[in-house]
Amino acid sequence: MKTISSVVEGYIKKKPFLQTALAQGIINLTSLSRRIKPEIESHLGKEVRNGAIVMALKRLSDDLEFRATHRIVKVLKNIGEITVRSSLTDFTFLVSDSILEKQTRLLEEINRHTDIFYTSSRGVNELNIVVSNSLDSLIEKQFSGERLTQKAENLASITVKLPAENVSVPGIYYFIFQRLAWEGIVLYEVISTTNEFTILVDESQVDTAFTVIKDLKSL
């Protein structure tokens, strides 16, 4: 049997931004109850008092599951080095039978250069390469004949070192990307390893993105 509490909980869980705000205690519960009342009544098939919804929201905001944010904040306070690189280009090629061999030759060439940025990731259908723009002509030469689906220039990367416990706390990446989204930051790429991730943004947004990530340490 559906209860007011279960329906309210189900509604909030489908709204990640709302869930976080509720956990942080920054929402007027009375105003929220009035806003969601029609949908709650629709699910229950009967009229519901605002007070009952407010009580359900109050219990929910006090629930430990919705206090997981504090575990995330504890991890983010221990963020390590934040590295920024600018003047980058993002290439995306379709995967082909010959592209791996060309990537191998590219790595041999890159090893001859110093103080350049290079990272690559491969999906099922696409190969992504991000390099310092001084290597643009080299990429175009080495991958001649491959199908280029996207080339984005004037980008910057922000690489963040995360503490080892990040792998045992759910929601770390969501928490970070949520705040970047709130600031209108467009992510061209997200590249991660176990304890490190790199985001690629337009150079015009790198200062804002850096500030967002740096401020996570002082939450």
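The values are calculated or read from the model by the stated rules, or taken from the named source; none is laboratory data. Keep in mind that what you see is a predicted model, and the values were worked out from it rather than measured. Backbone-built Cβ (ideal geometry, glycine too); neighbour counts: all protein chains shown.
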Being surrounded by fewer than 17 Cβ atoms within 10 Å (Cβ to Cβ), part of a strand (DSSP E or B) and touching a strand residue (DSSP E or B) at 6+ places or on another chain (Cβ under 9 Å) narrows VAL190, VAL201 down to just VAL190
Going through the range 28-48 one residue at a time, which ones are surrounded by fewer than 16 Cβ atoms within 10 Å (Cβ to Cβ) and β-branched (Val, Ile, Thr)? THR30
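Being modelled with pLDDT of 95 or more and under 30 Å from HIS70 (Cα atoms) narrows it down to one of ASP207, ASP202, so name that one. Steps first, answer last, please.
Values: ASP202 fails: under 30 Å from HIS70 (Cα atoms).
Answer to the check: ASP207.
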With the structure loaded, tell me whether ILE139 is in contact with a Leu (Cβ under 9 Å, 6 or more places away or on another chain), aliphatic (A, V, I, L, M), at negative phi and in a strand (DSSP E or B) or whether it fails that test. no
Taking the range 49-62 and keeping residues closer than 11 Å to VAL7 by Cβ, surrounded by fewer than 19 Cβ atoms within 10 Å (Cβ to Cβ) and under 31 Å from the mean Cα position of the chain (by Cα) leaves none
Return only the number of the condition from (1) modelled with pLDDT of 90 or more; (2) more than 11 Å from PHE91 (Cβ to Cβ) that ILE172 does not satisfy. (1)
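Results for (1) more than 28 Å from the chain's Cα centre (by Cα); (2) modelled with pLDDT of 95 or more; (3) farther than 19 Å from ARG85 by Cβ; (4) loosely packed, with under 14 Cβ neighbours inside 10 Å, shown as yes or no for each residue.
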| site | (1), (2), (3), (4) |
| --- | --- |
| THR114 | yes, no, no, yes |
| PHE117 | no, no, no, no |
| SER120 | no, no, no, no |
| ASN125 | no, yes, yes, yes |
| VAL131 | no, yes, no, no |
| ASP136 | no, yes, no, no |
| PHE143 | yes, yes, yes, no |
Hey, does the range 146-154 have a residue that's outside any helix (DSSP H, G or I), outside the structural domain of GLN24 (by TED's automatic domain parsing), aliphatic (A, V, I, L, M) and in contact (Cβ under 8 Å) with a residue 12 or more places away in the chain? yes
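Can you pull out every residue in the range 1-27 that is more than 28 Å from the chain's Cα centre (by Cα) and crowded, with 16+ Cβ neighbours inside 10 Å? Give the steps one after another, and end with the answer.
So in the range 1-27, the residues more than 28 Å from the chain's Cα centre (by Cα) come out as 1-7.
Those that are more than 28 Å from the chain's Cα centre (by Cα) and crowded, with 16+ Cβ neighbours inside 10 Å: ILE4, VAL7.
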Can you confirm whether VAL84 is aliphatic (A, V, I, L, M), within 31 Å of the chain's Cα centre (by Cα) and at pLDDT 90 or above? yes
